[in-house]
Amino acid sequence: MAEDVRQLIERMWPESGISRYGRVFHDTSEFMDIGHGDVMALGGLHYLVIRDESERRFGMEDPKYWVKRCHVLETGEKRIVKLVFYETFNATVGRFQFPCYRSPIKEARILDLVREDPRFMHGFSLEDSQGNNVRVLEYVQGRRLDLQVEAMEVDHETYFRERFPAILAGYIDACEAILFLHEHGEKHGDIRRDHLYVERGTGRYRWIDFDYAFDLRENPFGWDLFGLGNILAFLVGKGEHTPLSIAEQGLAEHIRVPLDQDDFGIIFGNRLFNLKKLFPYIPERLNRVVLHFAQGANVFYETVDELLTDLRPCLAELGAIPEQAQGGEA
Amino acid sequence: MNPKRILIAVDASANSERAVAYVGDILCHAREAEILLFCLSKTPDRDLFPDDATWQASARKQDAEYKEFLARARGSLEQRGVDAGCIETRLVPFTGFSVAQGILGAQRDGGYGTIVVGRRGMSKEEEFLFGSVSSRVVHHARNCAVWVVE
(Lines give C-alpha, C1' and ligand atoms only; values in the text may rest on other atoms or scores of the structure.)
Protein backbone atom coordinates (compact mmCIF):
# COMPACT_ATOMS: atom_id res chain seq x y z
CA MET A 1 0.00 0.00 0.00
CA ALA A 2 1.28 3.45 -0.89
CA GLU A 3 2.43 5.73 1.89
CA ASP A 4 -0.10 8.28 3.06
CA VAL A 5 0.70 11.93 3.63
CA ARG A 6 1.15 11.55 7.37
CA GLN A 7 3.79 8.83 6.89
CA LEU A 8 5.58 10.85 4.21
CA ILE A 9 5.75 13.98 6.34
CA GLU A 10 6.74 12.16 9.52
CA ARG A 11 9.54 10.54 7.57
CA MET A 12 10.77 13.52 5.54
CA TRP A 13 9.65 16.75 7.22
CA PRO A 14 8.49 16.03 10.75
CA GLU A 15 8.88 19.65 11.84
CA SER A 16 6.55 20.93 9.11
CA GLY A 17 3.82 21.84 11.57
CA ILE A 18 1.14 21.48 8.93
CA SER A 19 -2.40 21.39 10.16
CA ARG A 20 -3.87 18.88 7.73
CA TYR A 21 -2.71 15.56 6.33
CA GLY A 22 -4.44 15.24 3.01
CA ARG A 23 -4.07 12.80 0.14
CA VAL A 24 -1.29 11.86 -2.26
CA PHE A 25 -2.12 12.84 -5.86
CA HIS A 26 -0.46 11.27 -8.88
CA ASP A 27 -3.10 12.70 -11.22
CA THR A 28 -3.40 16.50 -10.96
CA SER A 29 -6.31 16.93 -13.39
CA GLU A 30 -8.72 18.01 -10.66
CA PHE A 31 -6.56 20.82 -9.32
CA MET A 32 -9.41 22.34 -7.35
CA ASP A 33 -9.38 19.23 -5.13
CA ILE A 34 -5.68 19.65 -4.29
CA GLY A 35 -4.95 21.97 -1.39
CA HIS A 36 -3.08 22.56 1.84
CA GLY A 37 -1.69 19.35 3.29
CA ASP A 38 -2.00 17.32 0.10
CA VAL A 39 1.04 15.88 -1.64
CA MET A 40 1.62 15.69 -5.40
CA ALA A 41 3.89 12.82 -6.40
CA LEU A 42 5.61 14.01 -9.56
CA GLY A 43 8.77 12.88 -11.30
CA GLY A 44 9.99 10.88 -8.32
CA LEU A 45 9.58 13.73 -5.82
CA HIS A 46 6.83 14.65 -3.36
CA TYR A 47 5.50 18.20 -3.41
CA LEU A 48 3.65 19.10 -0.22
CA VAL A 49 1.08 21.77 -1.02
CA ILE A 50 1.26 24.72 1.35
CA ARG A 51 -1.40 26.84 -0.37
CA ASP A 52 -2.79 28.11 -3.65
CA GLU A 53 -0.99 31.07 -5.20
CA SER A 54 -2.86 34.29 -5.69
CA GLU A 55 -2.27 37.55 -7.44
CA ARG A 56 -3.10 40.99 -6.10
CA ARG A 57 -4.41 43.25 -8.83
CA PHE A 58 -6.28 46.48 -8.44
CA GLY A 59 -6.48 45.89 -4.70
CA MET A 60 -8.20 42.52 -5.12
CA GLU A 61 -6.89 39.09 -4.19
CA ASP A 62 -7.24 36.82 -7.22
CA PRO A 63 -6.72 33.15 -6.30
CA LYS A 64 -4.98 30.92 -8.84
CA TYR A 65 -6.20 27.47 -7.88
CA TRP A 66 -4.06 25.75 -10.50
CA VAL A 67 -0.85 27.23 -9.06
CA LYS A 68 0.37 25.61 -5.85
CA ARG A 69 2.99 26.88 -3.47
CA CYS A 70 4.87 23.75 -2.43
CA HIS A 71 7.63 22.32 -0.26
CA VAL A 72 9.62 19.48 -1.82
CA LEU A 73 9.76 16.83 0.88
CA GLU A 74 12.95 15.17 -0.42
CA THR A 75 15.00 18.37 -0.78
CA GLY A 76 13.34 20.91 1.47
CA GLU A 77 13.20 23.38 -1.40
CA LYS A 78 10.29 25.69 -2.05
CA ARG A 79 8.74 25.45 -5.48
CA ILE A 80 5.73 26.75 -7.36
CA VAL A 81 3.87 24.01 -9.19
CA LYS A 82 1.61 25.06 -12.05
CA LEU A 83 -0.99 22.53 -13.09
CA VAL A 84 -2.80 22.28 -16.38
CA PHE A 85 -5.58 24.80 -16.74
CA TYR A 86 -6.75 25.42 -20.29
CA GLU A 87 -8.45 28.74 -20.01
CA THR A 88 -9.75 30.97 -22.76
CA PHE A 89 -11.04 34.37 -21.87
CA ASN A 90 -11.37 37.80 -23.34
CA ALA A 91 -8.53 40.08 -22.36
CA THR A 92 -9.64 43.69 -22.08
CA VAL A 93 -7.15 46.35 -23.03
CA GLY A 94 -8.46 49.86 -23.14
CA ARG A 95 -11.63 49.62 -25.20
CA PHE A 96 -10.60 46.40 -26.94
CA GLN A 97 -11.32 42.80 -26.14
CA PHE A 98 -9.60 39.84 -27.72
CA PRO A 99 -9.26 36.17 -26.86
CA CYS A 100 -6.45 35.10 -24.59
CA TYR A 101 -5.38 31.50 -24.03
CA ARG A 102 -3.49 29.96 -21.16
CA SER A 103 -1.04 27.49 -22.66
CA PRO A 104 0.96 25.08 -20.46
CA ILE A 105 2.96 23.78 -23.42
CA LYS A 106 4.04 27.29 -24.35
CA GLU A 107 5.36 27.98 -20.89
CA ALA A 108 7.05 24.58 -20.74
CA ARG A 109 8.75 25.25 -24.07
CA ILE A 110 10.02 28.63 -22.92
CA LEU A 111 11.29 27.17 -19.64
CA ASP A 112 13.37 24.77 -21.72
CA LEU A 113 14.60 27.59 -23.94
CA VAL A 114 15.70 29.81 -21.04
CA ARG A 115 16.96 27.06 -18.76
CA GLU A 116 20.41 28.67 -18.45
CA ASP A 117 19.33 32.26 -19.01
CA PRO A 118 19.42 34.43 -15.86
CA ARG A 119 17.02 36.96 -17.38
CA PHE A 120 14.05 34.66 -16.82
CA MET A 121 12.52 32.60 -14.06
CA HIS A 122 13.70 29.01 -14.12
CA GLY A 123 11.95 25.71 -13.90
CA PHE A 124 11.11 22.57 -15.80
CA SER A 125 8.08 20.64 -16.89
CA LEU A 126 7.07 17.04 -16.43
CA GLU A 127 3.99 14.92 -16.87
CA ASP A 128 1.79 13.58 -14.12
CA SER A 129 0.31 10.07 -14.21
CA GLN A 130 -2.36 11.25 -16.68
CA GLY A 131 0.03 13.02 -19.01
CA ASN A 132 -0.86 16.53 -17.77
CA ASN A 133 1.92 19.03 -18.34
CA VAL A 134 3.05 20.23 -14.91
CA ARG A 135 5.54 23.03 -14.54
CA VAL A 136 7.80 23.17 -11.48
CA LEU A 137 9.15 26.68 -10.95
CA GLU A 138 11.85 28.14 -8.76
CA TYR A 139 11.06 31.33 -6.89
CA VAL A 140 12.72 34.48 -8.09
CA GLN A 141 14.14 35.89 -4.88
CA GLY A 142 13.70 39.59 -5.11
CA ARG A 143 11.21 42.38 -5.53
CA ARG A 144 9.03 43.68 -8.32
CA LEU A 145 10.85 46.40 -10.22
CA ASP A 146 7.87 48.75 -10.20
CA LEU A 147 7.49 48.50 -6.43
CA GLN A 148 11.18 49.16 -6.04
CA VAL A 149 10.95 52.28 -8.19
CA GLU A 150 7.83 53.54 -6.44
CA ALA A 151 9.51 53.10 -3.07
CA MET A 152 12.44 55.37 -3.92
CA GLU A 153 11.89 58.38 -1.68
CA VAL A 154 13.46 60.98 -3.91
CA ASP A 155 11.95 63.62 -6.17
CA HIS A 156 11.70 62.83 -9.85
CA GLU A 157 14.69 64.87 -10.94
CA THR A 158 16.98 63.23 -8.40
CA TYR A 159 15.58 59.83 -9.39
CA PHE A 160 16.04 60.53 -13.05
CA ARG A 161 19.60 61.83 -12.79
CA GLU A 162 20.93 59.42 -10.15
CA ARG A 163 18.94 56.21 -10.29
CA PHE A 164 17.33 56.02 -13.70
CA PRO A 165 20.47 55.36 -15.82
CA ALA A 166 21.07 52.08 -14.00
CA ILE A 167 17.39 51.21 -14.23
CA LEU A 168 17.39 51.93 -17.95
CA ALA A 169 20.41 49.65 -18.35
CA GLY A 170 18.49 46.89 -16.59
CA TYR A 171 15.41 47.57 -18.67
CA ILE A 172 17.44 47.34 -21.88
CA ASP A 173 18.79 44.02 -20.67
CA ALA A 174 15.20 42.90 -20.04
CA CYS A 175 14.20 44.03 -23.56
CA GLU A 176 17.08 42.04 -24.99
CA ALA A 177 15.71 39.03 -23.15
CA ILE A 178 12.35 39.52 -24.86
CA LEU A 179 14.11 39.95 -28.20
CA PHE A 180 15.83 36.62 -27.54
CA LEU A 181 12.40 35.00 -27.16
CA HIS A 182 11.12 36.60 -30.35
CA GLU A 183 14.19 35.50 -32.28
CA HIS A 184 13.38 31.96 -31.20
CA GLY A 185 9.78 32.26 -32.34
CA GLU A 186 8.37 32.75 -28.85
CA LYS A 187 6.44 35.55 -27.16
CA HIS A 188 6.33 36.37 -23.48
CA GLY A 189 2.61 37.06 -23.78
CA ASP A 190 2.01 38.87 -20.52
CA ILE A 191 4.50 41.70 -20.16
CA ARG A 192 3.34 43.74 -17.21
CA ARG A 193 5.03 45.70 -14.51
CA ASP A 194 4.38 42.97 -11.95
CA HIS A 195 6.05 40.33 -14.10
CA LEU A 196 9.51 41.89 -13.98
CA TYR A 197 11.53 41.24 -10.84
CA VAL A 198 14.84 42.52 -9.57
CA GLU A 199 16.77 39.60 -8.17
CA ARG A 200 18.14 40.11 -4.71
CA GLY A 201 21.92 40.00 -4.61
CA THR A 202 22.62 40.13 -8.33
CA GLY A 203 20.32 43.04 -9.23
CA ARG A 204 19.38 41.20 -12.38
CA TYR A 205 16.03 41.88 -13.97
CA ARG A 206 14.10 38.64 -14.48
CA TRP A 207 10.85 37.96 -16.28
CA ILE A 208 8.23 35.61 -14.87
CA ASP A 209 5.02 33.98 -16.15
CA PHE A 210 5.00 33.02 -19.83
CA ASP A 211 1.83 30.99 -20.20
CA TYR A 212 -0.42 33.46 -22.03
CA ALA A 213 -0.92 33.10 -25.77
CA PHE A 214 -2.78 35.38 -28.15
CA ASP A 215 -3.82 35.24 -31.75
CA LEU A 216 -2.47 38.58 -32.97
CA ARG A 217 -1.64 37.25 -36.37
CA GLU A 218 -0.29 40.20 -38.27
CA ASN A 219 1.41 41.73 -35.28
CA PRO A 220 2.78 38.78 -33.34
CA PHE A 221 5.17 40.83 -31.24
CA GLY A 222 2.91 43.86 -30.87
CA TRP A 223 1.44 42.70 -27.61
CA ASP A 224 4.87 42.26 -26.01
CA LEU A 225 5.94 45.64 -27.37
CA PHE A 226 2.86 47.24 -25.91
CA GLY A 227 3.85 45.86 -22.50
CA LEU A 228 7.44 47.04 -22.88
CA GLY A 229 6.21 50.53 -23.79
CA ASN A 230 4.04 50.74 -20.71
CA ILE A 231 6.90 49.67 -18.47
CA LEU A 232 9.28 52.13 -20.11
CA ALA A 233 6.87 55.03 -19.56
CA PHE A 234 6.47 53.94 -15.94
CA LEU A 235 10.23 53.83 -15.38
CA VAL A 236 10.94 57.14 -17.11
CA GLY A 237 8.13 58.84 -15.19
CA LYS A 238 8.80 57.09 -11.86
CA GLY A 239 5.19 56.01 -11.91
CA GLU A 240 2.11 56.56 -13.99
CA HIS A 241 0.94 60.11 -14.52
CA THR A 242 -2.67 60.91 -15.29
CA PRO A 243 -4.37 64.30 -15.38
CA LEU A 244 -5.78 63.52 -11.95
CA SER A 245 -2.47 62.44 -10.40
CA ILE A 246 -0.70 65.43 -11.93
CA ALA A 247 -3.23 67.75 -10.31
CA GLU A 248 -3.12 65.90 -6.99
CA GLN A 249 0.68 65.99 -6.84
CA GLY A 250 0.81 69.68 -7.68
CA LEU A 251 2.82 68.99 -10.84
CA ALA A 252 0.57 70.99 -13.15
CA GLU A 253 2.48 74.19 -12.44
CA HIS A 254 5.60 72.68 -14.06
CA ILE A 255 3.84 72.21 -17.39
CA ARG A 256 4.86 75.00 -19.75
CA VAL A 257 3.32 73.58 -22.92
CA PRO A 258 -0.32 72.53 -22.52
CA LEU A 259 -1.04 68.82 -22.69
CA ASP A 260 -3.15 67.50 -25.52
CA GLN A 261 -4.54 64.07 -26.35
CA ASP A 262 -1.54 63.18 -28.53
CA ASP A 263 0.58 63.27 -25.37
CA PHE A 264 -1.25 60.34 -23.81
CA GLY A 265 -1.02 56.60 -24.32
CA ILE A 266 -2.42 55.11 -27.48
CA ILE A 267 -4.38 52.46 -25.61
CA PHE A 268 -4.63 53.87 -22.10
CA GLY A 269 -5.68 57.36 -23.04
CA ASN A 270 -5.32 58.83 -19.55
CA ARG A 271 -1.65 57.96 -19.04
CA LEU A 272 0.82 60.67 -19.95
CA PHE A 273 3.54 59.45 -22.31
CA ASN A 274 4.93 62.83 -23.37
CA LEU A 275 6.74 62.96 -20.06
CA LYS A 276 9.08 65.73 -21.15
CA LYS A 277 6.20 68.14 -20.78
CA LEU A 278 6.09 67.25 -17.11
CA PHE A 279 9.82 66.76 -16.55
CA PRO A 280 11.66 69.00 -19.03
CA TYR A 281 15.11 67.59 -18.22
CA ILE A 282 14.19 64.28 -19.87
CA PRO A 283 16.34 64.17 -23.02
CA GLU A 284 14.52 64.62 -26.31
CA ARG A 285 15.88 61.35 -27.68
CA LEU A 286 14.51 59.28 -24.80
CA ASN A 287 11.18 61.10 -24.85
CA ARG A 288 10.83 60.32 -28.56
CA VAL A 289 11.18 56.62 -27.83
CA VAL A 290 8.37 56.78 -25.27
CA LEU A 291 6.24 58.79 -27.71
CA HIS A 292 6.16 55.81 -30.07
CA PHE A 293 3.53 54.46 -27.67
CA ALA A 294 1.51 57.69 -27.54
CA GLN A 295 -1.58 58.69 -29.46
CA GLY A 296 0.40 61.18 -31.50
CA ALA A 297 2.67 58.48 -32.91
CA ASN A 298 2.62 57.97 -36.65
CA VAL A 299 5.06 55.08 -36.62
CA PHE A 300 4.94 52.14 -34.25
CA TYR A 301 7.71 49.76 -33.34
CA GLU A 302 7.17 46.42 -35.03
CA THR A 303 10.06 44.62 -33.34
CA VAL A 304 11.91 44.86 -30.06
CA ASP A 305 15.07 45.31 -32.08
CA GLU A 306 13.70 48.60 -33.41
CA LEU A 307 12.94 49.72 -29.86
CA LEU A 308 16.42 48.75 -28.69
CA THR A 309 18.09 50.48 -31.61
CA ASP A 310 16.49 53.73 -30.47
CA LEU A 311 16.93 53.10 -26.78
CA ARG A 312 20.60 52.15 -26.50
CA PRO A 313 21.84 55.62 -27.53
CA CYS A 314 19.57 57.09 -24.86
CA LEU A 315 21.50 55.22 -22.21
CA ALA A 316 24.78 56.43 -23.65
CA GLU A 317 23.40 59.97 -23.64
CA LEU A 318 22.50 59.72 -19.97
CA GLY A 319 26.18 59.13 -19.40
CA ALA A 320 26.06 55.89 -17.49
CA ILE A 321 26.38 52.39 -18.80
CA PRO A 322 26.85 50.28 -15.70
CA GLU A 323 28.24 46.79 -16.14
CA GLN A 324 25.08 45.46 -14.55
CA ALA A 325 21.78 47.00 -13.58
CA GLN A 326 21.90 48.20 -10.00
CA GLY A 327 19.25 46.25 -8.24
CA GLY A 328 19.75 46.97 -4.56
CA GLU A 329 16.65 47.37 -2.49
CA ALA A 330 15.40 50.91 -2.24
CA MET B 1 6.94 44.17 -63.44
CA ASN B 2 3.82 43.78 -65.52
CA PRO B 3 1.01 45.89 -64.02
CA LYS B 4 -1.55 43.65 -65.69
CA ARG B 5 -0.32 40.70 -63.67
CA ILE B 6 -2.51 41.24 -60.64
CA LEU B 7 -2.29 39.49 -57.30
CA ILE B 8 -5.45 39.77 -55.20
CA ALA B 9 -4.63 38.81 -51.63
CA VAL B 10 -7.69 37.28 -49.96
CA ASP B 11 -8.52 35.76 -46.60
CA ALA B 12 -12.22 34.84 -46.78
CA SER B 13 -13.29 38.12 -45.16
CA ALA B 14 -15.83 40.66 -46.34
CA ASN B 15 -12.89 42.98 -47.11
CA SER B 16 -11.54 40.40 -49.51
CA GLU B 17 -14.95 40.02 -51.16
CA ARG B 18 -15.02 43.78 -51.80
CA ALA B 19 -11.51 43.69 -53.23
CA VAL B 20 -12.42 40.85 -55.61
CA ALA B 21 -15.61 42.59 -56.71
CA TYR B 22 -13.72 45.82 -57.33
CA VAL B 23 -11.15 44.13 -59.52
CA GLY B 24 -13.92 42.33 -61.40
CA ASP B 25 -15.75 45.59 -62.07
CA ILE B 26 -12.60 47.37 -63.21
CA LEU B 27 -11.14 44.60 -65.37
CA CYS B 28 -14.22 42.91 -66.82
CA HIS B 29 -13.15 43.75 -70.37
CA ALA B 30 -9.38 43.63 -69.94
CA ARG B 31 -8.69 40.27 -71.58
CA GLU B 32 -4.93 40.51 -71.29
CA ALA B 33 -5.00 40.74 -67.49
CA GLU B 34 -3.69 37.82 -65.46
CA ILE B 35 -5.35 37.59 -62.09
CA LEU B 36 -4.11 35.49 -59.20
CA LEU B 37 -6.51 34.96 -56.31
CA PHE B 38 -3.94 34.36 -53.62
CA CYS B 39 -4.71 33.07 -50.15
CA LEU B 40 -2.14 32.36 -47.46
CA SER B 41 -3.35 29.75 -45.04
CA LYS B 42 -1.48 30.60 -41.90
CA THR B 43 -1.39 27.60 -39.60
CA PRO B 44 -3.21 28.40 -36.37
CA ASP B 45 -0.89 28.73 -33.41
CA ARG B 46 -0.68 25.36 -31.66
CA ASP B 47 -0.49 27.14 -28.30
CA LEU B 48 -4.09 28.26 -28.66
CA PHE B 49 -5.42 24.69 -28.46
CA PRO B 50 -5.47 22.17 -25.64
CA ASP B 51 -4.48 19.22 -27.86
CA ASP B 52 -3.33 18.24 -31.33
CA ALA B 53 -6.75 16.98 -32.40
CA THR B 54 -8.56 20.30 -31.89
CA TRP B 55 -5.65 22.19 -33.41
CA GLN B 56 -5.64 20.05 -36.56
CA ALA B 57 -9.43 20.25 -36.80
CA SER B 58 -9.20 24.04 -36.66
CA ALA B 59 -6.56 24.07 -39.40
CA ARG B 60 -8.72 21.82 -41.63
CA LYS B 61 -11.77 24.02 -41.05
CA GLN B 62 -9.79 27.11 -41.97
CA ASP B 63 -8.49 25.50 -45.16
CA ALA B 64 -11.99 24.43 -46.14
CA GLU B 65 -13.26 28.00 -45.66
CA TYR B 66 -10.43 29.38 -47.76
CA LYS B 67 -11.01 26.87 -50.56
CA GLU B 68 -14.69 27.68 -50.61
CA PHE B 69 -13.93 31.39 -50.66
CA LEU B 70 -11.48 31.04 -53.54
CA ALA B 71 -14.12 29.20 -55.56
CA ARG B 72 -16.68 31.90 -54.82
CA ALA B 73 -14.19 34.65 -55.64
CA ARG B 74 -13.44 33.03 -58.99
CA GLY B 75 -17.17 32.85 -59.66
CA SER B 76 -17.55 36.50 -58.69
CA LEU B 77 -14.88 37.56 -61.21
CA GLU B 78 -16.37 35.42 -63.96
CA GLN B 79 -19.85 36.78 -63.27
CA ARG B 80 -18.48 40.25 -63.78
CA GLY B 81 -17.14 39.29 -67.17
CA VAL B 82 -13.55 38.38 -66.46
CA ASP B 83 -12.37 35.60 -68.78
CA ALA B 84 -12.07 32.34 -66.84
CA GLY B 85 -8.72 31.68 -68.51
CA CYS B 86 -7.28 34.82 -66.95
CA ILE B 87 -7.95 33.66 -63.40
CA GLU B 88 -5.76 31.48 -61.26
CA THR B 89 -6.43 30.54 -57.65
CA ARG B 90 -3.78 29.53 -55.16
CA LEU B 91 -4.02 28.43 -51.53
CA VAL B 92 -0.59 28.38 -49.91
CA PRO B 93 0.24 26.99 -46.46
CA PHE B 94 2.08 29.63 -44.47
CA THR B 95 4.09 29.32 -41.29
CA GLY B 96 5.81 32.72 -41.27
CA PHE B 97 5.06 35.56 -38.87
CA SER B 98 3.71 38.20 -41.22
CA VAL B 99 1.01 37.59 -43.82
CA ALA B 100 1.97 40.89 -45.44
CA GLN B 101 5.51 39.67 -45.96
CA GLY B 102 4.14 36.43 -47.39
CA ILE B 103 2.03 38.40 -49.88
CA LEU B 104 4.98 40.55 -50.88
CA GLY B 105 7.13 37.46 -51.31
CA ALA B 106 4.57 35.96 -53.71
CA GLN B 107 4.38 39.26 -55.58
CA ARG B 108 8.15 39.34 -56.05
CA ASP B 109 8.47 35.68 -56.96
CA GLY B 110 5.64 35.85 -59.51
CA GLY B 111 6.56 39.21 -60.99
CA TYR B 112 3.15 40.69 -60.22
CA GLY B 113 2.93 44.41 -61.00
CA THR B 114 -0.21 45.05 -58.98
CA ILE B 115 -1.30 43.89 -55.54
CA VAL B 116 -4.89 44.27 -54.42
CA VAL B 117 -5.87 44.02 -50.77
CA GLY B 118 -9.06 44.73 -48.90
CA ARG B 119 -9.12 46.90 -45.81
CA ARG B 120 -11.58 47.07 -42.99
CA GLY B 121 -10.67 50.54 -41.84
CA MET B 122 -8.83 50.05 -38.57
CA SER B 123 -8.37 52.69 -35.92
CA LYS B 124 -4.86 53.68 -34.98
CA GLU B 125 -5.20 51.82 -31.69
CA GLU B 126 -6.29 48.62 -33.44
CA GLU B 127 -3.42 48.85 -35.87
CA PHE B 128 -1.01 49.36 -32.98
CA LEU B 129 -2.25 46.28 -31.14
CA PHE B 130 -3.29 43.89 -33.86
CA GLY B 131 -1.34 45.01 -36.89
CA SER B 132 -2.74 45.64 -40.35
CA VAL B 133 -1.93 43.52 -43.38
CA SER B 134 -2.91 46.25 -45.81
CA SER B 135 -0.82 48.91 -44.07
CA ARG B 136 2.21 46.66 -44.04
CA VAL B 137 1.78 45.79 -47.68
CA VAL B 138 1.57 49.49 -48.54
CA HIS B 139 4.61 50.32 -46.41
CA HIS B 140 6.85 47.55 -47.66
CA ALA B 141 5.79 47.09 -51.30
CA ARG B 142 8.46 47.84 -53.90
CA ASN B 143 8.30 47.92 -57.69
CA CYS B 144 4.56 47.44 -57.88
CA ALA B 145 1.29 49.26 -57.44
CA VAL B 146 -0.94 48.53 -54.45
CA TRP B 147 -4.69 48.93 -54.64
CA VAL B 148 -6.32 49.11 -51.22
CA VAL B 149 -10.06 48.55 -51.39
CA GLU B 150 -12.01 49.76 -48.39
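The values are calculated or read from the model by the stated rules, or taken from the named source; none is laboratory data. Remember, it's a predicted structure, so these values are computed and weren't measured experimentally. Ideal geometry is used to build each Cβ from the backbone, glycine not excepted, and the neighbour counts take in all protein chains shown. Heavy atoms of the whole protein, side chains included, go into the accessibility calculation; ligands, DNA and RNA do not. Shrake-Rupley method; radii C 1.70, N 1.55, O 1.52, S 1.80 Å.
The residue of region A:72-88 that is farthest from A:Phe124 (Cα to Cα), among those that are in a strand (DSSP E or B) and open to solvent by 20 Å² or more (accessible area, probe 1.4 Å), is A:Thr88.
When we screen B:Asp109, B:Asp83 for residues that are open to solvent by 80 Å² or more (accessible area, probe 1.4 Å) and more than 11 Å from every other protein chain (Cβ to nearest Cβ), the only hit is B:Asp109.
For region A:230-261, filtered to residues that are more than 30 Å from the chain's Cα centre (by Cα) and of a type outside the set (Gly, Ala, Ser), the residue that is most open to solvent (accessible area, probe 1.4 Å) is A:Arg256.
Of all residues in region A:195-229, those being touching a residue at least 60 places away in the same chain (Cβ under 8 Å) and open to solvent by less than 30 Å² (accessible area, probe 1.4 Å) number 20. Filter region B:16-55 for residues that are closer than 25 Å to A:Phe89 by Cα, open to solvent by less than 30 Å² (accessible area, probe 1.4 Å) and in a loop (DSSP other than H, G, I, E, B) and give the result. Within region B:16-55, B:Pro44 is the sole residue that qualifies. Among the residues of region A:191-211, just one is within 13 Å of chain B (Cβ to nearest Cβ) and touching a strand residue (DSSP E or B) at 6+ places or on another chain (Cβ under 6 Å), namely A:Asp211. Kindly provide the set of residues from region A:89-123 that are touching a residue at least 60 places away in the same chain (Cβ under 8 Å), in contact with a strand residue (DSSP E or B) (Cβ under 7 Å, 6 or more places away or on another chain), within 13 Å of chain B (Cβ to nearest Cβ) and crowded, with 18+ Cβ neighbours inside 10 Å, ordered by number. Residues satisfying the conditions are A:Cys100, A:Tyr101, A:Arg102, A:Ser103, A:Pro104, A:Lys106, A:Glu107.
Filtering region A:28-51 to residues that are assigned to a loop (DSSP other than H, G, I, E, B) and touching an Asp or Glu at 6+ places or on another chain (Cβ under 6 Å) leaves only A:Thr28.
Being crowded, with 19+ Cβ neighbours inside 10 Å and either at pLDDT 95 or above or more than 13 Å from chain A (Cβ to nearest Cβ) (or both) is a property that B:Leu104 has.
On inspection, A:Asp33 does not qualify as over 30 Å from A:Ile267 (Cβ atoms), at pLDDT 95 or above and touching a Ser or Thr at 6+ places or on another chain (Cβ under 8 Å).
Of the residues making up region A:1-50, those that are of a type in the set (S, T, N, Q) and either touching a helix residue (DSSP H, G or I) at 6+ places or on another chain (Cβ under 9 Å) or open to solvent by 60 Å² or more (accessible area, probe 1.4 Å) (or both) number 3.
Of everything in region B:113-144 that is farther than 20 Å from B:Glu17 by Cα and more than 13 Å from every other protein chain (Cβ to nearest Cβ), the residue that is surrounded by the fewest Cβ atoms within 10 Å (Cβ to Cβ) is B:Arg142. Residue count for region A:262-282 satisfying the condition of being among the small types (Gly, Ala, Ser) and open to solvent by 20 Å² or more (accessible area, probe 1.4 Å): 1. Restricting B:Leu40, B:Leu27, B:Leu36 to residues that are touching a strand residue (DSSP E or B) at 6+ places or on another chain (Cβ under 6 Å), touching a residue at least 12 places away in the same chain (Cβ under 8 Å) and more than 14 Å from every other protein chain (Cβ to nearest Cβ) narrows the list to B:Leu36.
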